[in-house]
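Every number here is computed from the coordinates shown, using simple stated rules; none is lab data. It should be emphasised that the depicted structure is a prediction, and the values quoted were computed from it without experimental measurement. With ideal geometry, Cβ positions are generated from the backbone for all residues, glycine too; neighbour counts draw on all protein chains shown.
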Amino acid sequence: MSGWIDKQKNILDFTFSSILRRKGKNIALLLVYTLIVFLLASVMFLTYSIKREASTILKDSPDMIVQKISAGRHDPIPLSYMEKVKGIRGISSAKGRLWGYYYDPITGANYTLMVPDQFSHGPGGIEIGQGVSRVRTTFPGDALDFRTWEGKVMNLEVKRVFSPESELVSSDLILVSGEDFRTLFGGSRDHVTDLVLRVRNPKEIPTIAVKIAELLPDTRIILREEILRTYDAVFSWRGGILILILAGAVLAFIILAWDKASGLSQEERKEIGILKAIGWETSDVLLMKFWEGMAVSLSAFLAGIILAYIHVFFFSSSLFEPVLKGWAVLYPQFRLVPFIDASQVVALFFLTVVPYTVATLIPSWRAATVDPDSVMRA
Amino acid sequence: MRKSTAFLLYILSNIILLAVLGVHSFYQRESAAPGIEEKREMVGRLDLTDLCLFTEANYTRHPTQADGHVAFQDHPASLEHFPSGSLLRPPSKMNRTHVRLDR
């Protein structure tokens, strides 16, 4: 066993001497390879982490949301619809939600305004998210001005700012009383934004959804399962601008592997010829080339994965922030929880290290089986 | 020091660092549990349906509540123009080639 280890170490020493003879090319190769792994792993960690957190946080979202659709657009729903729905067996609770968006012309930010079931502050008071507090530099005791639907100015006092830990769901949220909501947006008191339903037995949800669709044909029903699947699909590898980043990275990697697989340089062929001439077996030459490929790919893979983890979970994917932030004025500040899918890391290993190592071996095998005399004379 | 020894030490130190990051991720998940629970409680209490990720437009802020044509609602020829629209896929129920606008 120790003899075998010594042999591997000796071959490794020779391999590194060979690599260092082409220092510039191999360092460039290592850096590009590390960058590709870093990019792929960063996207992988970011998307999986958000998907896991979304699926955990949104588990308690309503079982069903009923929206009224009019001329293809979302319309306020009459409260009488709620009375009709309450009669369906299996529904444990049905209530109307009052919520909407407010565009703040001072900052250019969009806020989500909502009326909670219980609001202890009453008219004149609001609770705001960290993002609102940040863009307006507003804290408990300060006042925020809103422009009502009639063009009048309405002054509301900030009673509380939500915790930073809740930014992922509350950053742009403003909780107001029902009275203030109606003063701000108008609308009939007989209508709400939509209905939220809770069902006793989750297995009955599809059946109840069908009944509601028949009872209220001008409504659209959104199930919690669809909410969770939407966030499962968000940042999916198959969608959006991230595929462009991945496609660029994968293409760069294919070019690298192709460069390796398409053949050795004259110098490398001569080196193999000399080794064969001085007594190296074909298997020893292949072992040397294996270690060469493995040294570069394994070093790049480990460095890329570590840097990706630090980038995503210590620096909150700061390199992707311009893409993620888009044109939003209000952007939540949160640190992602490091949920790691080990199967994805293993898949990345087999997609990067193994093909590259094999791509290094193929031309070496061809060169190692040719007569060393003809190779050295070429 | 032999080159092979230096390489093996490099690999070993990376593996140790990966193990340390693995332990870090475990403890981070543990310490993030109260925050996740707080968010989950907020979702249940306020009947929230979406994460606050993209606040550019109503359909990027609440993608689960958006209908099929809302991205193009500004005028009949308007195209999706917010950067977030390129990150968000349509809701899963809209994988068909058309959308029923009355649903």
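Per-structure values
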read-out	value
Projected area, mean over directions - segment A:177-224, Cα convex hull, nm²	4.7 nm²
Segment A:263-360: radius of gyration and largest Cα-Cα distance (Dmax), Å	21.0, 69
Highest-first arrangement of A:268-275, A:62-69, where packing means the average Cβ count within 10 Å	A:62-69, A:268-275
Ranking of A:MET44, B:MET1 by count of other Cβ atoms within 10 Å, fewest first	B:MET1, A:MET44
Residue among A:ILE126, A:GLY100, A:GLY279 farthest towards the positive dipole end of the protein assembly as shown, charges placed on Cβ	A:GLY279
Filtered GluC sites (Glu not before Pro), segment A:136-222: DSSP coil and at most 11 other beta carbons within 10 Å	A:GLU150
Under the Debye formula (equal points on every Cα, no solvent term), log10 I(q)/I(0) of segment A:72-209 at q = 0.11, 0.15 Å⁻¹	-0.48, -0.81
Rounded D (µm²/s) - segment A:83-123, Kirkwood Rh over Cα pairs, Stokes-Einstein at 25 °C, 0.890 mPa s	184 µm²/s
Least to most buried among A:TRP280, A:TRP327 (fewest other Cβ within 10 Å first)	A:TRP327, A:TRP280
Cα gyration tensor shape of segment A:42-81, rounded if a/c is under 1.5, else prolate or oblate by comparing a/b with b/c	oblate
Max mean-square fluctuation residue, GNM over chain A, Cα-Cα springs under 10 Å, options A:ASN26, A:ASN201, A:ASN155	A:ASN201
For segment A:99-174: rounded, prolate or oblate by the Cα gyration tensor [a/c cutoff 1.5]	rounded
Cα centroid separation - segment A:291-310 against segment A:9-67, whole Å	9 Å
Sequence ranges A:285-298, B:27-40, A:331-344, ranked by mean other-Cβ count within 10 angstrom, highest first	A:285-298, A:331-344, B:27-40
Number of partner chain Cβ atoms within 10 Å, mean per residue of A:273-279	0
Distance (nanometres) between label positions extended 7 Å along Cα→Cβ at A:THR137 and A:ASP60	3.6 nm
Listed pairs A:LYS159/A:LYS325; A:LYS51/A:LYS211; A:LYS59/A:LYS203; A:LYS86/A:LYS159; A:LYS86/B:LYS39; A:LYS9/A:LYS276 exceeding 24 Å between Cα atoms	A:LYS159/A:LYS325; A:LYS51/A:LYS211; A:LYS86/A:LYS159; A:LYS86/B:LYS39
For segment A:1-105, alpha-carbon Rg over 2.2 N^0.38 Å	2.39
Relative contact order [Cα under 8 Å, 6+ residues apart], chain A, whole percent	28 percent
Shielding score for A:318-329, defined as the mean number of other chain Cβ atoms within 10 Å	4
Peptide A:191-201 - average C-beta neighbours from other chains (10 Å radius)	1
Estimated dipole of chain A in Debye, rounded to 20 [Cβ of Lys and Arg +1, of Asp and Glu -1, Cα centre]	400 debye
Candidates A:SER80, A:SER170, A:SER316, ranked by Gaussian network fluctuation over chain A, Cα under 10 Å, top entry	A:SER80
Loop-located trypsin sites (Lys or Arg not before Pro) in segment A:122-227, at most 16 other Cβ atoms within 10 Å (DSSP)	A:LYS152, A:ARG189, A:ARG200
Least to most buried among A:HIS121, A:HIS311 (fewest other Cβ within 10 Å first)	A:HIS121, A:HIS311
Gyration tensor (alpha-carbon) shape descriptor, the protein assembly as shown, a/c threshold 1.5	prolate
Antiparallel DSSP beta bridges within the protein assembly as shown, percent to nearest 5	80 percent
